[in-house]
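Okay, structure first, notes after.
The values are calculated or read from the model by the stated rules, or taken from the named source; none is laboratory data. Predicted model, so just to flag it, every value in this text is computed and none were measured. Every residue, glycine as well, gets a Cβ built from its backbone with ideal geometry; the counts of neighbours run over all protein chains shown. When the accessible area is computed, the model is the full protein with side chains, heavy atoms only, and any ligands, DNA or RNA have been set aside. Shrake-Rupley method; radii C 1.70, N 1.55, O 1.52, S 1.80 Å.
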Amino acid sequence: MKLIFDVQDRPKGGQLVIFALQQMLAILAATIAVPVIIGNGMSSAAAMFGAGVGTLVYIMFTRRKSPVFLGSSFAFIGSMSAAFAGGVSMELGMLGLIIGAFAAGLIYVLIAAIVKKVGVGWLNKLMPPVVIGPTVAIIGLSLAGNAVGDFQTGDVKTINSAGESVMAASPYAAMICGLVTLAVVMLCSTYGKKMMKLLPFVIGIIAGYGCASIMTLIGNAAGIDSLKIIDFSVFESYMFDGGVSLKTFISVPDLVFLKAIKGTGELTASYLLMIIVAYVPVALVCFAEHVADHKNLSSVIERDLLTDPGLSATLMGDGIGSIAGAFFGGCPNTTYGESVGCVAITKNASIVTIIAAAIGCILSSFFTPFVAFIDSIPACVMGGVCIALYGFIAVSGLKMLKEVDLDDNRNLFTASVILIAGIGGLSISFSSVTITEVAAALILGILTNVMLSKKAPSEK
């Protein structure tokens, strides 16, 4: 792939700010979704702060060679919920988030030390293109349901006759906003000149948000619930809680470690053991996804990140970055497919852009109107963006198969079981630990490839 900005290229000042904003918009909706799902006093602004810090840590360990943003990991949602469920107070739960992220990050550090000693040759044999290609495709395809679900969803809620909270907007109205977003992204990427081609997601989100705003304003004025897409009350809750004040414009995020300190006196050995059991197995599962993500990014920038800066460096960056992210925001971090997709579609792999996005994320977490705006972007608009992003991840994985001989039954069966297991949603749960469909498909593919790789004597 011919990049417009290579990894070490430096966009000019004005361009850099817009490119960084695009990276932020691509990942922030998912990043702030995790604290919203977990609740228990967790802050979206703190998650933004933690994601920015985690990304800077990752870039430092990878020696500015891996252009990807780290955001809140969805894989640890069950573990994070367990931290609060098993704690006697919210403060102890916050402490549990930090301890759990430290334990999970330590697993990455230990694996990194082993990889540094023995190299990555064994990994390339264990995960050749016939294994890693379909697995990367599954990363995108496994998210297809989320993208399509969001594509038809508005954010305004209403109470129905049964007293239940339901979506006010018509799915068709939401789809129109999603289609506008998707169409603008595709048109800018395909036919755009210069800056338009580099900023399809910024332009697409603005177009989709504008469409949703017009519909919502008409719906509010005419009393038509089916047109109410954007929940503008988000701005009131963030900016005007109790009236206009300094918090309306600037506020310090509720950083997790400040609350966690108060829970140290409640920490017990049984709670500590429970946290370790909840977090460590998930980290082992996420290792497989880490490799797949970096193989995918390697194909985009056309250089092997598992060799330079090396898998040990990417693991150290991911692990320590995850610890840093949880220390400030509570959420363990992980490399984001949305970020990889953004790099691939815009052909902007500049590491300076990622650094600027990380710094922007940290600074923006103090700027209340920006946090409110990010939270107000309706699901249907982000659904339009994600159809393009997740689809690109899936296709980039399938592209890895073009050099694979699929007339050979060994390769045919290996690719087949990965795709069917992943698309079918095969996952395995042990208590609070879940092996995701991506990890389960990868494990099944590795076993299939190993089992069928033994050649008959006449073939050797």
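Structure notes:
- Leading residue by the ranking (surrounded by the most Cβ atoms within 10 Å (Cβ to Cβ)) among those in region 293-343 that are in contact with a helix residue (DSSP H, G or I) (Cβ under 7 Å, 6 or more places away or on another chain), closer than 20 Å to ASN124 by Cα and of a type in the set (A, V, I, L, M): LEU315
- Among all residues of region 422-435, there is none that is under 21 Å from PRO128 (Cα atoms) and over 21 Å from the mean Cα position of the chain (by Cα).
- Condition met for THR135 (modelled with pLDDT of 90 or more and polar (S, T, N, Q)): no
- Test for GLY87: is it at pLDDT below 90 and not in a helix (DSSP H, G or I): yes
- Residue among SER79, SER66 that alone is in a helix (DSSP H, G or I), among the hydroxyl-bearing types (Ser, Thr, Tyr) and in contact with a Pro (Cβ under 9 Å, 6 or more places away or on another chain): SER79
- Which numbered condition ASP155 fails, given (1) more than 19 Å from LEU311 (Cα to Cα); (2) modelled with pLDDT of 90 or more; (3) part of a helix (DSSP H, G or I): (3)
Quick grid of which residues meet (1) of a type in the set (D, E, K, R); (2) closer than 30 Å to PHE102 by Cβ:
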position	(1), (2)
ILE203	no, no
ASP225	yes, no
PHE235	no, no
GLY263	no, yes
ALA269	no, yes
VAL285	no, yes
ALA292	no, yes
LYS295	yes, yes
LEU305	no, yes
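For every residue, the table says whether it meets (1) more than 25 Å from the chain's Cα centre (by Cα); (2) under 22 Å from PRO369 (Cα atoms); (3) open to solvent by 80 Å² or more (accessible area, probe 1.4 Å).
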| residue | (1), (2), (3) |
| --- | --- |
| ALA183 | no, no, no |
| LEU187 | no, no, yes |
| PRO200 | no, no, no |
| ILE206 | no, yes, yes |
| LEU217 | yes, yes, yes |
| ILE230 | no, yes, no |
| PRO253 | no, yes, no |
| GLU266 | yes, no, no |
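- In region 365-387, residue surrounded by the most Cβ atoms within 10 Å (Cβ to Cβ) [restricted to those that are in a helix (DSSP H, G or I) and hydroxyl-bearing (Ser, Thr, Tyr)]: THR368
- Residue within region 269-290 that is modelled with pLDDT of 90 or more, in a loop (DSSP other than H, G, I, E, B), touching a helix residue (DSSP H, G or I) at 6+ places or on another chain (Cβ under 9 Å) and not hydroxyl-bearing (Ser, Thr, Tyr) present: no
- Which listed residue is out of contact with any Leu (no Cβ under 7 Å at 6 or more places or on another chain), at pLDDT 90 or above and closer than 27 Å to MET80 by Cα, from GLY383, GLY425: GLY383
- Out of ILE114, ILE99, ILE132, ILE139, one residue alone is open to solvent by less than 40 Å² (accessible area, probe 1.4 Å) and under 17 Å from LEU311 (Cβ atoms). It is ILE132.
- Cross-chain or 6+ apart pairs with Cβ under 9 Å, region 166-184 first and in contact (Cβ under 8 Å) with a residue 24 or more places away in the chain and among the hydrophobic types (A, V, I, L, M, F, W, C), then assigned to a helix (DSSP H, G or I) and open to solvent by 50 Å² or more (accessible area, probe 1.4 Å): ALA168/ASP225; ALA169/ASP225; ALA174/ASP150; LEU182/ILE387; VAL184/ILE203; VAL184/ILE206
- Neighbours by Cβ (under 6 Å, 6+ apart or cross-chain): first from region 123-138, closer than 10 Å to ASN449 by Cβ; second surrounded by fewer than 20 Cβ atoms within 10 Å (Cβ to Cβ) and small (Gly, Ala, Ser): none
- Pair list, Cβ < 8 Å and 6+ apart or interchain, from region 392-421 residues that are in contact (Cβ under 8 Å) with a residue 40 or more places away in the chain to residues that are open to solvent by 80 Å² or more (accessible area, probe 1.4 Å): ASN411/ASP405
- Set ALA82, ALA47, ALA51, ALA30: member being open to solvent by 10 Å² or more (accessible area, probe 1.4 Å), among the hydrophobic types (A, V, I, L, M, F, W, C) and under 16 Å from the mean Cα position of the chain (by Cα): ALA30
Residue-by-condition table, conditions (1) at pLDDT below 95; (2) of a type in the set (Phe, Trp, Tyr):
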site: PHE5; (1), (2): yes, yes
site: ARG10; (1), (2): yes, no
site: VAL17; (1), (2): yes, no
site: LEU21; (1), (2): yes, no
site: ILE32; (1), (2): yes, no
site: PRO35; (1), (2): yes, no
site: ASN40; (1), (2): yes, no
site: VAL53; (1), (2): no, no
site: LEU56; (1), (2): no, no
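- Residue count for region 327-378 under the criterion of being closer than 17 Å to LEU305 by Cα and aliphatic (A, V, I, L, M): the result is 6.
- Flag if LYS402 is in contact with a Phe, Trp or Tyr (Cβ under 9 Å, 6 or more places away or on another chain), surrounded by fewer than 24 Cβ atoms within 10 Å (Cβ to Cβ) and over 29 Å from PHE102 (Cβ atoms): no
- Candidate set: region 171-200, residues that are part of a loop (DSSP other than H, G, I, E, B) and in contact with a Leu (Cβ under 9 Å, 6 or more places away or on another chain); chosen: the one nearest to LEU25 (Cα to Cα): LEU199
- Restricting ILE230, ILE176, ILE224 to residues that are in contact with a Ser or Thr (Cβ under 7 Å, 6 or more places away or on another chain) and aliphatic (A, V, I, L, M) narrows the list to ILE230.
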